[in-house]
1. Dipole of the range 112-255, Cα-centred, from +1 at each Lys and Arg C-beta and -1 at each Asp and Glu C-beta, to the nearest 20 debye?
2. Give me the distance between the Cα centres of the range 280-350 and the range 241-257, rounded to whole Å.
3. For the range 121-186 and the range 203-217, write down the distance between their C-alpha centroids in whole Å.
4. Starting from a Cα-only point model with no solvent, please compute log10 I(q)/I(0) by Debye for the range 145-300 at q = 0.10, 0.13, 0.14, 0.18 1/Å.
5. Just to verify a number: FRET efficiency for Asp148 and Ser62, C-beta to C-beta distance, R0 = 35 Å, to 0.05?
6. Quick one: if you take sqrt(5λ) for each eigenvalue of the C-alpha gyration tensor of the range 1-101, what semi-axes come out, biggest first, whole angstrom?
7. How much length is gained if the chain between Glu50 and Lys191 is pulled fully straight, taking 0.36 nm per residue apart and subtracting their Cα-Cα distance, in nm to one decimal?
8. Using only Cα atoms, figure out Rg for the chain and give it as a multiple of 2.2 N^0.38 Å.
Amino acid sequence: MNYQEKISQTVGSIPRSGIRDFFELVIGREDVISLGVGEPDFQTPWNIREAAIYSLEKGQTSYTSNLGLLSLRKSISKYVENFFGLTYDPQNEVLVTVGVSEAMDLALRALCNPGDEVIYHEPCYVSYSPSVVMAHAVPVVVATKKEDGFALQAEDIEAVITPRSKVLILNYPTNPTGAIASKEELAEIAKVCVKHDLIVLADEIYSELTYEGEAGLSITQMPGMRERTILLHGFSKAFAMTGFRMGYACAPPELIEAMMKIHQYAMLCAPITSQAAAIEALERGIPAVEKMKESYEIRRNYMVKRLNEMGLDCHLPGGAFYVFPEVTRFGLTSHEFALKLLEQEDVAAVPGTAFGACGEGFLRCCYATAFDQLEVALDRIERFVGNL
Ligand SMILES: Cc1ncc(COP(=O)(O)O)c(C=O)c1O
C-alpha cells in the first residue's frame with residue numbers, strides 16, 4: 001500500500017522533531033552525558049507520588065468531569081491567584097488538560113480557521129509550528145536576537161501583522177533560550193495585541209523557574225489582556241511531574257467552553273490519578289519547588305561561568321533550565337558542532353536549529369542534570385573546544 005498517499009497532507013507536511021532525530025544518534029552509545037532532554041532530573045516529590053498512590057488505594061479509577069475535578073480546579077484557581085495575582089472562576093474558567101501540550105493544541109484548534117495566522121517567537125519550543133499547522137493555521141515566525149536577550153520586541157510583532165493575524169504565542173521564561181521579558185516589554189506587546197485584536201496564548205510552563213526579575217509576571221496582567229489571553233500552565237517542570245501529564249488552561253468562559261468541546265471528544269478528561277497528585281502539588285508542593293529552583297540556579301550559574309571561561313559566549317538566562325551558548329566562532333554549524341561533540345566527547349546537547357532557523361550558531365544545554373554529571377560534561381566540552 002502507498003501509505004504516504006493515505007496519510008493526511010497536513011500531517012505529511014510537518015517534520016519530525018529535530019530533538020528526536022538528534023537523540024536517535026545517542027541510542028546505543030554508552031557513557032553519554034545528556035544535556036539534551038528538557039526534563040527535571042528530580043523525581044516527583046514523595047508527598048505528590050503518595051497522593052497518587054493513595055488515590056488508587058481509595059479506588060479512584062473513574063472518569064472525572066470533562067473540565068477536571070472541581071477540587072483540583074479550585075486549587076488551580078487559588079494557586080494562580082497567589083502566584084500570578086489573577087482570578088479565575090473554577091466553575092467555568094479553568095480546564096484541566098493532559099499537559100500544556102494538550103492545552104496548546106486545544107487552544108489553537110478552538111481559535112483558528114484555515115489560513116489564520118499565528119505569530120510566535122523563535123527560537124522556541126519544538127511543538128509550536130507543527131501544532132499551528134495541525135490546526136490548519138499559518139505559522140508566522142518572529143526571530144528574537146541575542147542582543148535583546150532573546151525577548152520579543154513589540155515592533156517586530158507590528159512588522160508581521162496582516163488582516164489574517166489572529167493569535168500570538170508567548171513563552172517566558174523561554175525554551176530553549178531561558179529568556180525572560182520585562183514588565184515594560186510585556187506592556188508594549190500588550191498594546192500591539194489590543195490594537196490588532198490578537199488572542200494571546202501565554203505558555204507559562206517555566207514561570208516558577210525565574211531567577212532574575214519578578215517570578216509570576218505574565219502578559220495576562222497587562223491592561224486589556226485578561227479578556228484576550230489563554231493562560232497555559234502545568235506541572236511538568238516546576239513540580240518535576242512530566243510523566244503525570246498534567247496541565248491547565250485559564251481563560252474567559254467562552255474560550256474555555258470552546259476548548260472543552262474538543263477536549264471532551266478527543267480526551268474526555270485528564271487521568272484521575274494525576275489529578276489527585278496535582279491537588280497535592282498545589283496544596284503542599286511549593287516548598288519542594290523552591291528547593292529544586294535553588295538547585296537549578298546554582299547549576300545555571302556554574303554552567304554559564306564555565307562556558308564563558310572556555311570561550312563559549314553564553315548569556316545569563318533569566319529562567320527555565322537551559323543555557324544557550326553561541327558556537328559560531330568555531331566555523332561549524334550548530335548541527336556539526338553538536339554531532340562532533342557527541343562523537344568525540346560523548347556529550348549530547350541539542351543544535352539551536354532544532355528550535356527554529358534563527359537558532360543557528362547556538363547550542364541548547366539542559367542543566368536539569370545532576371551536578372557531578374554537569375562537571376564531567378563541562379570538562380569534556382572544554383577539552384573538545386580546546387581541540388577545535
Ligand atoms: C515551552 C514548553 N511548553 C510546553 C511544553 C510541554 O509541557 P507538558 O509536559 O506540560 O505537555 C514544554 C516541554 O518541554 C515546553 O518546553
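The values are calculated or read from the model by the stated rules, or taken from the named source; none is laboratory data. Source: prediction; values computed, not measured. So basically every Cβ, Gly included, is an ideal-geometry build from the backbone, and we count neighbours across all protein chains shown. These accessible areas exclude ligands, DNA and RNA; they are computed on the full protein's heavy atoms, side chains included. Shrake-Rupley method; radii C 1.70, N 1.55, O 1.52, S 1.80 Å.
1. Details: 11 positive and 19 negative charges, 77 e Å.
Computed charge dipole of the range 112-255: roughly 360 debye.
2. 28 Å
3. When both Cα centres are located, 17 Å separates them.
4. -0.42, -0.70, -0.80, -1.20
5. Details: r = 49 Å, r/R0 = 1.40.
Calculated value: 0.10.
6. Details: eigenvalues 251, 112, 62 Å².
They are 35, 24, 18 Å, listed from largest to smallest.
7. On the way: separation 141, 0.36 × 141 = 50.76 nm, distance 4.52 nm.
Using 0.36 nm per residue and subtracting the Cα-Cα distance, I get 46.2 nm.
8. Working: Rg = 20.7 Å, N = 388, 2.2 N^0.38 = 21.2 Å.
Expressed relative to 2.2 N^0.38 Å, the Cα Rg reads 0.98.
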